[in-house]
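Everything below concerns the one structure shown next.
Only the coordinates and a few stated rules stand behind these numbers; no lab work does. Computed from a predicted structure; not experimentally measured. Here the Cβ positions follow ideal geometry from the backbone for every residue, glycine too, while neighbour counts run over all protein chains shown.
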Amino acid sequence: MVLTRKALSTVAALALIGSPVVAQAATSAAKPVAAKVQRAAPAAKSESKLGGGSGVIIAVVAAAAVILGIVLLSDDDSPSSP
């Protein structure tokens, strides 16, 4: 029972994390004219010193979800002997 509840909690957390990615993919698939749009130059005079972009954020969130899932699934307080 406890393992099932923890597994469902992990699946729910992963679904909450993955839903923005699916929504963004659905939005970009709905706009076939995006190939005609050209990107404008940034208004800033100097380049940003912050590297990575959204890929780093996604990687950190994914790593946190994996760690949370492992902790939730491995946290077993019940004794193994009867």
Item to check | Computed lengthening from Ser78 to Leu16, 0.36 nm per intervening residue step minus Cα-Cα distance | outcome: 19.4 nm
Checklist entry - At a Förster radius of 35 Å, what calculated FRET efficiency corresponds to the Cβ-Cβ distance of Ala63 and Gln38, to the nearest 0.05? => result 0.50
